[in-house]
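Data first, discussion second: the structure below is written as structure tokens.
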Amino acid sequence: MTAAPVPSRPPLLLVEDTLSLQMLYRAVLTGAGHAVVAASTAADALRLFQESGATTVLLDLVLPDRDGLELMHDMLQLRPETNVIVMTAHGSVNRAVMAMRAGAHDFLVKPFEETRLFSAVANAEGTSAAPTAPPTRRAATATRANAEPQAPAELSELKAQSGFIGSSEAMQRLHQKIASVARSMATVFITGESGTGKELCALAVHGASARANGPFIALNCGAIPQDLLESEVFGHMKGSFTGAISDKPGAATAADGGTLFLDEICEMAPALQTKLLRFLQTSTVVPVGATKPRKVNVRIVCATNRDPLEAVRRGEFREDLYYRLFVIPLHMPPLRDRGEDVLEIAEAALERFAREEDKVFDGFDDRVRALFRALPWPGNVRQVLNVIRNIVVLNEGGRVSLDMLPDTLDRQAEQVHVERPTSDPLLADLTLDALIGRPLAEIERQVITATLERHGGSVQRAARVLEVSPSTLYRKLESWTKT
């Protein structure tokens, strides 16, 4: 007997009037497996909303023909179960708050990271009435309750499932610790710099635990206004405040039977810290406006890019909450301490992004590999992914060379020495007489090479002296090595 087919989810509706951003968001979402229909105006958006049956909408609040809040109101009137994620600029956060009070499910402040976008969409789809499929590893910032069950993973399986790339000693130790702590119910506290993969670490803990078949709900405490955070964590009842048009379960309730990941926990307001402590002590949730508590079964994993103990000393984080949460610490090492991992990550990202863009790349040349090893990568893994995405989008393929790298790496390359062409005897004395009669291209090469030698091989310093872009020097050096 064949099983009945699972009905497909309606497409996600993207409403964005800036075409470059619309193309970017659409490419990222379709690459993560989402079906997307897009509109640039409120009129087209309302038509597509009715035709497509969309239950998740990404809505820019500034549209050329109508106010985004008015459009959201009409959508919710037509289909109250719709989850609207509003998008707004930094200077318009108050508008986002108004939208949340008017019934929006979540909001994104531009510019936002891919992971934040995936998390918002996954949370919205996880609470909508339409059936959902288990998320892909790439987009799994929130795993819904209908995901395929997973048995607790052994260390080798954990490496394959966690999404971590890298075989450095630091990552080996981290994998071993995750495999050990995942079987426990104890609270996990993840620390590490921005971009090191703290949410991936939380997902790995969840995926290797007995709760892997339950939901994984991620909430960024630093991205939500404090006056809305309590509602996002614990939910609210209809009529509990202006704009509360229906009951809304919070993240703690949505994570029942699974894992609640609280990112940027040190940004939580003191008043809400008190309520979180009570929740940890009693395992009960009291939504805003409710009188009766509800019991939930949730494992807490939290993270911060700050020093939590320093936040306690400053009086910004409750000491009793700190000791309640800081049971099993996991530290994500920065990329600069992970040796050759940067090359493994870059190669995996190049293969993945090239496949998404339908292009063919043949790895990195030796000078790029040397530069990648030497760079400090202050943005960590997130910065590497950004650089590789830039390379793939702006180039047609082939072997990645220095001239393909984005200019954003120039400042970080200031202290990085590159291999220089063999010195010319005439470089010792670049007098006018020595230069007369030589081709202009040869003179240019002599001047650049001499400047590099004088500044210890620093492309950044040489570029400043010569008043050209460092990327220009990189391109010339690359061309000279091929001749």
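Ala218's amide H: which non-local residues (gap 5+, or another chain) put their own amide H closer than 5 Å, with H modeled 1.01 Å from N in plane and none for Pro or chain starts?
For Ala218, the qualifying residues are Phe261.
Which ³J(HN,Hα) values, rounded to whole Hz and listed in residue order, are derived for the stretch 269-277 from phi using the Karplus coefficients 6.51, -1.76 and 1.60 in 6.51 cos²θ - 1.76 cosθ + 1.60 with θ = phi - 60°, glycine and proline given as x?
5, x, 4, 6, 4, 4, 5, 5, 4
Residue by residue, what Karplus-based ³J(HN,Hα) values in Hz, rounded to whole numbers, does the stretch 76-87 have, using 6.51, -1.76 and 1.60 with θ = phi - 60° and x for Gly and Pro?
5, 5, 6, 9, x, 7, 5, 9, 9, 9, 8, 10
Would you pull out the residues with amide H under 5 Å of Val400's amide H, same chain only if 5 or more places away, H placed 1.01 Å from N?
Placed amide hydrogens put Asp362, Gly363, Phe364, Asp365 under 5 Å from Val400.
Using amide H atoms built in the peptide plane, which far-off residues or other-chain residues are under 5 Å from Leu58 H to H?
Here the answer is Leu13, Leu14, Val15, Ile85, since their amide H atoms fall under 5 Å of that of Leu58.
Of Ile265, Ile85, how do they rank once you tally other Cβ atoms within 10 Å and put the fewest first?
Ranking Ile265, Ile85 by Cβ neighbours within 10 Å, fewest first, gives Ile85, Ile265.
Quick check for me: using +1 on Lys/Arg Cβ and -1 on Asp/Glu Cβ, what's the dipole size of the stretch 258-316 about its Cα centre, in debye to the nearest 20? Intermediate values should be presented prior to the final figure.
Values: 9 positive and 6 negative charges, 95 e Å.
For this selection, approximately 460 debye.
Check each of the trypsin sites (Lys or Arg not before Pro) in the stretch 24-81 and keep only those in coil by DSSP with at most 12 other C-beta atoms within 10 angstrom; list them in order.
Answer by residue number: there is no such site.
Could you go through the stretch 345-361 in sequence order and give the Karplus-derived ³J(HN,Hα) for each residue, using 6.51 cos²θ - 1.76 cosθ + 1.60 with θ = phi - 60°, rounded to whole Hz, and x for Gly and Pro?
3J(HN,Hα) across the stretch 345-361, in whole Hz: 5, 4, 5, 5, 5, 4, 5, 5, 5, 5, 5, 5, 8, 6, 10, 10, 10.
Each value in this text was obtained by applying a stated rule to the coordinates, not by laboratory testing. All values derive from a computational prediction rather than experimental measurement. All Cβ positions, even for glycine, are placed from backbone atoms using ideal geometry, and neighbour counts span all protein chains on display.
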